[in-house]
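One structure is given here, and the rest of the page talks about it.
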Amino acid sequence: MKKILLLVILALQSASALALSIDLFKDEEGNRNWQHLANYTGSTLLILLTIVTVYLLIARRRLHKTNKELTAIRNDLEKRVQERTATLDQSNQLLLESNRLLEKEIAQHVITADHLRSSESYIKDILTSMPLMLVGLDKNGRVTQWNKQVEEVSGISSQDALGKTLWEAYPQMTVLPEHVQEAIEHNRIIQLKKCLRSLYHYDITIYPLQEREAGVVILVDDVSKQVTAENMLIHNDKMSFMGELASTMAHDINLPLQALMMDLKRFQRIISDRTVSEPQQATAEEKSQQLNTIISDMFTKAEQVSTIISNLLAFARSRKGKKQTADIVEVMENTIRLANEVVSVADGLSFNQIKLERNFEKNLPLVPCYITELQQVFLSLFRHACRSLALKKQAEDFEPIIKIILSESYDNLWIKIQHNGLGLTTEEQMNLFEPFFTDKSTAEGFDAGQRLSFSYYIVTEQHQGNMAVTSDIELGTTVHIQLPIRH
């Protein structure tokens, strides 16, 4: 546009164009018509001015558009600068926050490191001071820990033991390499026991480590005092049980022996014809009849003593036997027959004089048990019931009764032996199943057979059952026995 406008102006101002334009405005006579020339020139100038105006307007619009674009570009640049500035501020804030967190974390790491050092020292003190012998081994069996207790027992310092295999450091150790490898490979705890000349006892436990670096920790506990105390307790319990058993057996044997002695004295008086109670000498036939009666009674009492001793020998032989599946009804009936022969009390009440009420559930399953020992339990309960019934027998219109109940419930056999004799006091119930320990001063007049500790031991320890008692002074006592039916 600029080029066209420039050409027009140049054309109008050129000489030829000027001459031509002057010639156009001459009249016929050759005179110039200045009016037409002025009009022409004005029109031309007007056209030029119009063109220039249009050009200026177009240029102005372009300039305005350009300014708008420049303004938009400037605003965009300012926005970007603001965004960059905000991003930089945010980054600076994050950086400052990160620096603060880093400083805090570093401070926490310092505290944690101090705690770790303190904990490590504390754990080391524990391992050193603990009364158990502790040995740490890696997967190759080399010693990594050797506490003070091991040093004292073995006489080997930790400096000499660390880094060596356990069996190089302490050849007397009973832990074998196979034990260590088994604990590591199967990842399970292995427990061993060691006894030296029956005087020193040790419990050895091998713990596998759970870290990446395989290894074990061996704990050796000197349990000599504990084992000695336990053995003493067991010995005392056995002596108490044997005392209880011996007391009941002696009581059962003593009654028929006393009767035998009385018969022998009567026999002696008849033979020597010194019976004071007879006013005159008896005839030979009467003496013979009396002697036969005494001999028959003596034979019965001797059979009773023999039965008691045979029962005791059978019980002694069964101590090393194995459990047998038995019909509990048959075991109970055999015990009742045996009790009719051997159970009696000093007050003259025999078991065969007591009324028995049987309540046996039908089709009871077989029970795994030690038959002879279970019979001893039932005999002890019958003997205990006889004593209580004898104490109450003096009352008028009293009929001694023992009720026996056998039933099954929830894979267990329940045995209840109930009597209507004199019941137990609260203190007697609490001590009924406890062994009796006493000195000579308090032992006089006490019958160990009054306790049922041996029966309780047979039921609970050897048959894994339960035994309990319920009693009332006026109504009597019930002993409850629970025996598992399955092995």
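The values are calculated or read from the model by the stated rules, or taken from the named source; none is laboratory data. Treat the numbers as computed from the prediction; the structure is a model and nothing was measured. Cβ: placed from backbone, ideal geometry, glycine included. Neighbour counts: every protein chain shown. Accessible surface is based on the protein model in full, side chains and every heavy atom, while ligands, DNA and RNA are left aside. Shrake-Rupley method; radii C 1.70, N 1.55, O 1.52, S 1.80 Å.
List, please: which pairs have Cβ atoms under 7 Å, are six or more places apart or on different chains, and start with a residue in region 150-177 that is over 12 Å from residue 137 (Cβ atoms) and modelled with pLDDT of 85 or more and end with one that is part of a helix (DSSP H, G or I) and open to solvent by 40 Å² or more (accessible area, probe 1.4 Å)?
Taking only residues 6 or more apart or on different chains, the pairs are 157/151.
So which pairs qualify, if the first residue must be in region 355-366 and under 14 Å from residue 409 (Cα atoms), the second must be β-branched (Val, Ile, Thr) and open to solvent by 80 Å² or more (accessible area, probe 1.4 Å), the Cβ gap must be under 6 Å, and the two must be at least 6 apart or on different chains?
366/325
For residue 108, indicate whether it is out of contact with any strand residue (DSSP E or B) (no Cβ under 8 Å at 6 or more places or on another chain), among the polar types (S, T, N, Q) and surrounded by 10 or more Cβ atoms within 10 Å (Cβ to Cβ).
yes
Just to verify a result, which residue in region 293-347, among those that are among the hydroxyl-bearing types (Ser, Thr, Tyr) and at pLDDT 85 or above, is most open to solvent (accessible area, probe 1.4 Å)?
Top of the filtered list is 325.
Which one is surrounded by the most Cβ atoms within 10 Å (Cβ to Cβ), of the residues in region 354-373 that are modelled with pLDDT of 90 or more, under 37 Å from the mean Cα position of the chain (by Cα) and not in a strand (DSSP E or B)?
Checking each candidate, the answer is 364.
Kindly list, by first and then second residue, each pair from a residue in region 325-347 that is of a type in the set (D, E, K, R) to a residue that is open to solvent by less than 60 Å² (accessible area, probe 1.4 Å), limited to pairs with Cβ atoms under 7 Å and residues at least 6 apart or on different chains.
341/304; 341/307; 347/390
What pairs come out if I take residues in region 133-148 that are closer than 11 Å to residue 159 by Cα and pair them with residues that are at pLDDT below 85 and of a type in the set (S, T, N, Q) whose C-beta lies under 8 Å away, six or more apart or interchain?
Short answer, once both residue conditions are applied: 146/158; 147/128; 147/158.
Does residue 45 fit the bill of being modelled with pLDDT under 85, open to solvent by less than 100 Å² (accessible area, probe 1.4 Å) and under 30 Å from residue 208 (Cα atoms)?
When the stated conditions are applied, residue 45 does not pass them.
Check 4, 9, 58, 22 and return the single one that is modelled with pLDDT of 85 or more and either assigned to a helix (DSSP H, G or I) or within 60 Å of the chain's Cα centre (by Cα) (or both).
Result of the check over 4, 9, 58, 22: 58.
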